[in-house]
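Below is one structure; the comments refer to it alone.
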Amino acid sequence: GGGFGPNGMPTGPGRSPASAPYPDRPDVIPKGARVRLRNLTAAAHQNGKDGTIQNYDASRARYQVAINGDGETLSIKGANLLQLVGVTIRGVSSSPEYNNTKGSVVGFDGDGVQGRYHITTTTGKAVALKPANVIIEDGCRIWVGGLSKQELNGKQGKIVNFDQSTGRYTVQLANTQNQLVKLKPENVVL
């Protein structure tokens with residue numbers, strides 16, 4: 001049962017988790033972010049649905065996602081969410097007309113940094129591109145992969161910015177030091 005804590009605040013089941021402040025961490029997708037459900041096995045029928053991040057339950061490492069259009073809120077792990085964010089296309093030698101074009105991520109196929117983003121450009125064209133050909137907007141939460149420095153692979157972080165002159169992101173890692181690292185686009189994935 002619930003009760004009252006030392007500060008006179010309700011404890012236990014009576015206390016809403018929504019009252020906790022939303023965490024500002026490099027590994028937590030921001031509140032209000034648009035996402036698409038993916039790779040769900042127990043609730044595979046939910047894959048492909050879009051929603052908005054409402055809350056984050058740190059104790060369970062799950063997001064509360066309000067599903068667009070049906071009023072349902074689901075509790076989903078971060079690995080099962082694709083952030084639907086803006087990107088800039090770069091370095092496509094086979095179709096240079098796409099370079100420097102803006103677009104939005106609408107899907108992702110494959111495994112980690114070996115996969116491909118599905119992007120709808122601002123002109124309505126649909127393209128599938130490797131992470132190396134996509135610059136993700138600042139503030140997005142990402143996974144690191146494909147590095148020879150194995151200790152960073154699988155880590156989560158937040159894109160601080162992309163430096164056009166070096167062709168690298170500055171990423172704030174979600175570790176005890178919130179370390180900043182420089183990473184190529186091919187080593188970063190949503």
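Contact list please: Cβ distance under 9 Å, first residue in region 24-53 and of a type in the set (A, V, I, L, M, F, W, C), second residue part of a helix (DSSP H, G or I), pairs at least six apart or on different chains.
Listed pairs, sorted by first residue: VAL28/GLY78; ILE29/GLY78; LEU37/GLN46; LEU37/ASN80; LEU40/GLN46; LEU40/ASN80.
Using the structure shown, decide if VAL171 is over 16 Å from THR88 (Cα atoms) and touching a Lys or Arg at 6+ places or on another chain (Cβ under 9 Å).
Details: over 16 Å from THR88 (Cα atoms): yes; touching a Lys or Arg at 6+ places or on another chain (Cβ under 9 Å): yes.
Judged against the criteria, VAL171 is a match.
Can you tell me how many residues in region 47-61 are in contact with a Gly (Cβ under 8 Å, 6 or more places away or on another chain) and on the phi < 0 side of the Ramachandran plot? Outline the logic, then answer.
Kept after step one, since they are in contact with a Gly (Cβ under 8 Å, 6 or more places away or on another chain), are these residues of region 47-61: 52-53, 61.
Add one more test, that the residue is on the phi < 0 side of the Ramachandran plot, and what stays is 52-53.
Final tally of qualifying residues: 2.
Restricting to region 102-136, what's the tally of residues that are of a type in the set (Ser, Thr, Tyr) and free of Cβ contacts under 8 Å to residues at least 24 places away in the same chain? Before the answer, list the steps.
Taking region 102-136 and keeping what is of a type in the set (Ser, Thr, Tyr), we get 104, 117, 120-123.
When the remaining residues are screened for being free of Cβ contacts under 8 Å to residues at least 24 places away in the same chain, the result is 104, 120, 122-123.
Going through region 102-136 one residue at a time, the tally reaches 4.
Among (1) within 13 Å of VAL35 (Cα to Cα); (2) of a type outside the set (Ser, Thr, Tyr); (3) crowded, with 18+ Cβ neighbours inside 10 Å, where does ARG90 come up short?
The single condition ARG90 does not satisfy is (1).
Could you list all residues from region 140-160 that are touching a residue at least 24 places away in the same chain (Cβ under 8 Å) and either assigned to a strand (DSSP E or B) or over 16 Å from the mean Cα position of the chain (by Cα) (or both)? Reasoning before the result, please.
Of all residues in region 140-160, those touching a residue at least 24 places away in the same chain (Cβ under 8 Å) come to 140-147, 152, 156-159.
If the condition is that a residue be touching a residue at least 24 places away in the same chain (Cβ under 8 Å) and either assigned to a strand (DSSP E or B) or over 16 Å from the mean Cα position of the chain (by Cα) (or both), then ARG141, ILE142, TRP143, VAL144, GLY146, LEU147, LEU152, GLN156, GLY157, LYS158, ILE159 are the ones that fit.
Can you name the condition, by its number, that GLY48 falls short on among (1) more than 17 Å from the chain's Cα centre (by Cα); (2) closer than 15 Å to PHE108 by Cβ?
Just one mismatch for GLY48, condition (1).
Evaluate region 120-139: report whether one residue or more is among the acidic types (Asp, Glu) and outside any loop (DSSP other than H, G, I, E, B). Write out each step before concluding.
Start the filter on region 120-139 by keeping residues that are among the acidic types (Asp, Glu), which leaves 137-138.
Still in the running and outside any loop (DSSP other than H, G, I, E, B): none.
Checked region 120-139: no residue is among the acidic types (Asp, Glu) and outside any loop (DSSP other than H, G, I, E, B).
Go through region 161-190 residue by residue and tally those that are surrounded by 15 or more Cβ atoms within 10 Å (Cβ to Cβ) and part of a strand (DSSP E or B).
11
Taking region 86-119, which residues are over 17 Å from the mean Cα position of the chain (by Cα) and in a loop (DSSP other than H, G, I, E, B)? First the steps, then the outcome.
Looking only at region 86-119, we keep the residues that are over 17 Å from the mean Cα position of the chain (by Cα), and these are 89-102.
ARG90, GLY91, VAL92, SER93, SER94, SER95, ASN99, ASN100, THR101, listed by residue number.
Restricting to region 45-58, name every residue that is exposed (fewer than 15 other Cβ atoms within 10 Å of the Cβ) and of a type in the set (Asp, Glu).
The answer is ASP57, and nothing else.
Any residue at all in region 163-170 that is under 13 Å from the mean Cα position of the chain (by Cα) and under 28 Å from ARG62 (Cβ atoms)?
So in region 163-170, the residues under 13 Å from the mean Cα position of the chain (by Cα) come out as none.
No, because not a single residue in region 163-170 is under 13 Å from the mean Cα position of the chain (by Cα) and under 28 Å from ARG62 (Cβ atoms).
Just to check your reading of the model, which residue among SER94, SER75 is without any contact (Cβ under 8 Å) to a residue 40 or more places away in the chain and assigned by TED's automatic domain parsing to the domain that holds ALA42?
SER75
Name every residue in region 59-79 that is assigned to a loop (DSSP other than H, G, I, E, B) and exposed (fewer than 12 other Cβ atoms within 10 Å of the Cβ), in order of residue number. Please lay out each step first, then the result.
Narrowing region 59-79 to residues assigned to a loop (DSSP other than H, G, I, E, B): 59-61, 68-72.
Result: SER59, ARG60, GLY69, ASP70, GLY71.
The values are calculated or read from the model by the stated rules, or taken from the named source; none is laboratory data. The structure presented is a predicted model; accordingly, all values stated were derived computationally and were not measured. So basically every Cβ, Gly included, is an ideal-geometry build from the backbone, and we count neighbours across all protein chains shown.
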